[in-house]
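S.K.: The structure follows.
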Amino acid sequence: MVLSLKRTKSELSSLYVLESRGPIYPHTTSDGCAMRFLGNQEPDPWFAARGMPDMLVPDWVKKNVVFIGTKQDGKFIPRATGFLVGFEDQQFMFTYVVTAEHVIAALQTEGHDIYCRFNRTDHGVEYLKVPPDYWYFHPNENERTDVALFGYIPHEYVEFNCQPLSGKLEAVATAEVMMQMNIGLGDEIFIVGLFKSHHGKQRNVPIIRIGNIAAMRDEPVWTEYCGFVDAYLIEARSIGGLSGSPVVVSTPPMRVVDGTIKFSEGRQFYLLGLMHGHFDIQNLTEDTVRDAPQQGGGINTGIGVVIPVEKIIETVNHPDVKKTRDKIVANLRKTGAKADVLKDTEAFVIQGPPPSSESSTHQEDFKRLLDAAARNQKPAGQT
């Protein structure tokens, strides 16, 4: 099933209509620093300067995330981060909200109703209550990982951007793409997500954390929730609330590879995966991966654990999720134009009728006539 936001209330319903959207990745431009010398206006103070160059991290990434939490006495309590991905299938783009499985499992175990909070284009927020059976987890139970998602179709008043997982706008850092783009150790990443101490009263206010890839997927990482898990390690201080956040790798315009300067081609930003947790030192002699803040806590080592984007793609292709997409597309195609196809009894063969003694004679006579015409044809230029 697919969730949809109603215009007046945050109700749940089944919806089999996909709405068209503008560009998934809107471009941002800058006109440089506009200095004023004419007229009677005073210059802007440094903290209010206008027209400054764009930041390293584009603005669209903040529209990619949502906050996941619970409600207490009608007040929203943020607990973690989710983000929107787009998946192209059978000529349609399907949208999903992705987060970490351990976040959903913990809230469901505690008996909480789970809410997603979205920013609206009118500068308000929209709350969406997600039933427990709408969540899907990674399909391979023998390969533990940390991905959860549900299908979602945003209305026009919801402010959002998607990370495309497939199609022409695909921007995912799979192992194959990382090899082609020479992405690896030391490359810069950023995390977009919830900072509980300043999450925003009237709107979601995600923060940006910058880091680097510290270790590749050479060996599984031991975690409290999943046990051994396929993951990257990044040098970036993860905190409670960033679980489920998107982790994006940025490619520089050029780099030196084996002593040769190479210019980057393709996109600048690729989805590396989602944030799982971080390493804590409890007694200064042992490192343990924490997927949630602990009472008393330990010392955050600043090394985070990232679930690869391939695990998100595998979850999007969960058999039950795929079955839902197939059903939606089948219903949509019932309303489309009918194809003009001849029935078997109406079909004809271009080569002619089936072979028979009579038709064979006609074919031989026709071939003799063609041969005779070819022999009697005069070379070009003769009359």
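Read the figures in this text as sums done on the coordinates, not as results from a lab. Since we're looking at a predicted model, the values are computed, not measured. Here the Cβ positions follow ideal geometry from the backbone for every residue, glycine too, while neighbour counts run over all protein chains shown.
S.K.: Please list 141-149, 106-114 highest first by mean number of surrounding beta-carbon atoms within 10 Å per residue.
M.R.: Ranked from most to least packed, the peptides come out as 141-149, 106-114.
S.K.: Within the set Lys129/Lys323; Lys75/Lys196; Lys62/Lys201; Lys168/Lys323; Lys62/Lys323, which residue pairs have Cα atoms separated by over 20 Å?
M.R.: Lys129/Lys323; Lys168/Lys323; Lys62/Lys323
S.K.: Also: Hey, what did the stretch 167-210 get for relative contact order, percent, Cα under 8 Å, at least 6 apart?
M.R.: 32 percent
S.K.: While we're on this one: Count the net charge of all other residues whose Cβ sits under 14 Å from the Cβ of Glu143, scoring Lys and Arg as +1 and Asp and Glu as -1.
M.R.: -3
S.K.: Can you tell me how much longer the chain between Glu143 and Thr109 gets when fully stretched, taken as 0.36 nm per residue apart minus their C-alpha distance, in nm with one decimal?
M.R.: Contour length minus the Cα-Cα distance gives 10.1 nm.
S.K.: Between beta-carbons, use under 12 Å as the cut-off and find the net charge around Phe83, counting Lys and Arg +1, Asp and Glu -1.
M.R.: Computed value for this residue: +2.
S.K.: Measure off 7 Å from each Cα along the Cα-to-Cβ vector at Val256 and Glu188, then give the distance between these two points in nanometres to one decimal.
M.R.: For Val256 paired with Glu188, the spin-label model returns 1.8 nm.
S.K.: Given R₀ = 45 Å, FRET efficiency for Ser197-Arg217 by Cβ-Cβ distance, to 0.05?
M.R.: In this case the efficiency is close to 0.90.
S.K.: Can you compute the FRET efficiency between Lys129 and Lys75 using 1/(1 + (r/R0)^6), with r the Cβ-Cβ distance and R0 = 22 Å? Round to the nearest 0.05.
M.R.: Once the sixth-power term is evaluated, E becomes 0.90.
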